[in-house]
1. Answer yes if at least one residue in region 218-225 is in contact with a Ser or Thr (Cβ under 9 Å, 6 or more places away or on another chain), basic (K, R) and at pLDDT 95 or above, and no otherwise.
2. Pairs needed: first member in region 111-124, closer than 16 Å to I90 by Cβ and among the charged types (D, E, K, R); second member anywhere, open to solvent by 30 Å² or more (accessible area, probe 1.4 Å) and assigned to a helix (DSSP H, G or I); C-beta distance under 8 Å; at least 6 residues apart or different chains.
3. So C294 clears everything in (1) surrounded by 14 or more Cβ atoms within 10 Å (Cβ to Cβ); (2) more than 13 Å from W206 (Cβ to Cβ) except one condition, right? Which one?
4. Residues of region 92-126 being under 15 Å from D144 (Cβ atoms), over 22 Å from the mean Cα position of the chain (by Cα) and aliphatic (A, V, I, L, M), which ones?
5. Would you mind stating whether L332 is surrounded by 12 or more Cβ atoms within 10 Å (Cβ to Cβ), of a type in the set (A, V, I, L, M) and farther than 23 Å from N229 by Cβ?
6. So which residues in region 110-129 are part of a strand (DSSP E or B) and more than 23 Å from E278 (Cα to Cα)?
7. How many residues does region 265-285 hold that are crowded, with 24+ Cβ neighbours inside 10 Å and charged (D, E, K, R)?
8. Restricting attention to region 255-264, report how many residues are over 17 Å from the mean Cα position of the chain (by Cα) and surrounded by fewer than 22 Cβ atoms within 10 Å (Cβ to Cβ).
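The values are calculated or read from the model by the stated rules, or taken from the named source; none is laboratory data. Remember, predicted model here, so these are calculated numbers, not experimental data. With ideal geometry, Cβ positions are generated from the backbone for all residues, glycine too; neighbour counts draw on all protein chains shown. Only protein heavy atoms, including side chains, enter the accessible area calculation; ligands, DNA and RNA are left aside. Shrake-Rupley method; radii C 1.70, N 1.55, O 1.52, S 1.80 Å.
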Amino acid sequence: MIKKNILLSSTAIPSNKIGSWNVLLTNLLIKDATFFDKIISPNPSYKINNVNVLVKNNKFSTFLFSKFDIFYQKKKYWKKLKQQIKGNEIINVIIFDDIKTLQAIDFYARKEKKRKNLNIIYFNRGFRFEVNTANRNIIYNCIDKLIVQTEISYIKQVKENHTIPCEVEILRNGINSTLFYPLSIEKKEELRKKLHLKTDIKYFLWVSQDRPKKGLSIVLKAWEKITKNNNDVELLILGTHNEIKGKKITWLGRKKNEELAVYYQSTDYYLFSSLCHEGHPLSLTEALKSGAKCLASDIDPISEVLHNGDLGYLVKNPHFVENWVNAINDVLVNKINFNKNNIDLIKLYDEKDWIASFKEILNKE
């Protein structure tokens with residue numbers, strides 16, 4: 001019988017850092033502080049009442065021990081976890097995107113003949129495991145239940161590995177619908193005035209870190225061509241460490257997750273220019289739920305997130321600058337339907353559904 005749900009995290013939880021899964025988990029704990037019986041993580045910078053964190057302090061650098069013994073630094077997690085095992089009870093061990101911790105827990109549990117007491121539930125927040133096939137098979141064999149975010153991610157992993165020797169479930173991202181939601185035309189105009197945005201300008205928003213795989217350089221080259229023939233457009237850029245300058249570009253720096261909603265709500269179009277396979281991109285989902293018209297790279301699983309184009313404009317071959325130029329010109333000139341089936345965006349990818357489905361996964365035998 002499963003009695004406990006224990007989260008293992010090498011990132012301090014709760015967290016106030018900008019990120020994907022740590023934001024989701026922190027929001028989860030704010031709404032339900034007792035969702036996990038225990039959390040084993042580094043010391044968080046702040047606490048949420050009734051959240052039970054067993055602090056795992058790092059006395060040595062991760063870099064030092066990753067060179068000599070990848071399990072040594074993770075053994076501290078096992079020691080904390082082993083203390084929670086009582087008799088023959090089974091514990092749900094929840095791990096998010098941390099292969100080293102996963103392998104170490106599986107290794108020590110088998111070594112000390114405690115593996116039967118653990119039900120390891122691993123959340124793969126990316127599209128797949130970015131290691132060679134042989135190592136993927138080793139990883140799969142450490143997992144009892146693998147959680148992916150899209151159906152295409154599951155299908156792709158089966159095709160590449162031929163077999164996945166563990167149970168699999170799909171849990172799509174869930175967003176706070178009381179924070180990220182569409183505004184009426186009147187409310188949107190009021191918000192634009194508050195943010196000092198002009199009413200006669202078409203605003204395009206780009207949000208991400210300035211990593212090459214996020215495609216900002218391609219968007220900037222496309223934007224340079226767009227602004228040669230369009231004066232009533234502006235590109236807003238959020239999330240980069242370095243200031244971005246250019247014609248018809250406004251750099252807004254970095255913002256915390258809860259500060260992003262007003263920018264999604266006030267913009268006309270959202271550009272998601274990822275050049276890689278994503279898990280279930282948080283920023284795209286937030287922008288979509290906030291009513292922004294999304295132009296996004298047609299790279300799996302983005303088409304699935306946008307319901308095969310029914311909820312956005314899919315840019316084919318997004319590594320080509322000209323394709324972004326054509327896409328932006330298309331939406332400026334033509335009347336594009338960005339919600340073909342009139343889906344209720346407030347109910348779509350809702351955080352409450354995510355929490356309920358997460359709980360259902362943990363309660364399954």
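1. No, region 218-225 contains no residue that is in contact with a Ser or Thr (Cβ under 9 Å, 6 or more places away or on another chain), basic (K, R) and at pLDDT 95 or above.
2. E112/K82; K114/K82
3. Every listed condition holds for C294 apart from (2).
4. Within region 92-126, I105, A109, L118 qualify.
5. Considered against the rule, which asks whether it is surrounded by 12 or more Cβ atoms within 10 Å (Cβ to Cβ), of a type in the set (A, V, I, L, M) and farther than 23 Å from N229 by Cβ, L332 comes out as no.
6. Going residue by residue through region 110-129, those that are part of a strand (DSSP E or B) are 118-123.
Listed by number, the residues that qualify are L118, N119, I120.
7. 1
8. Residues meeting the conditions: 1.
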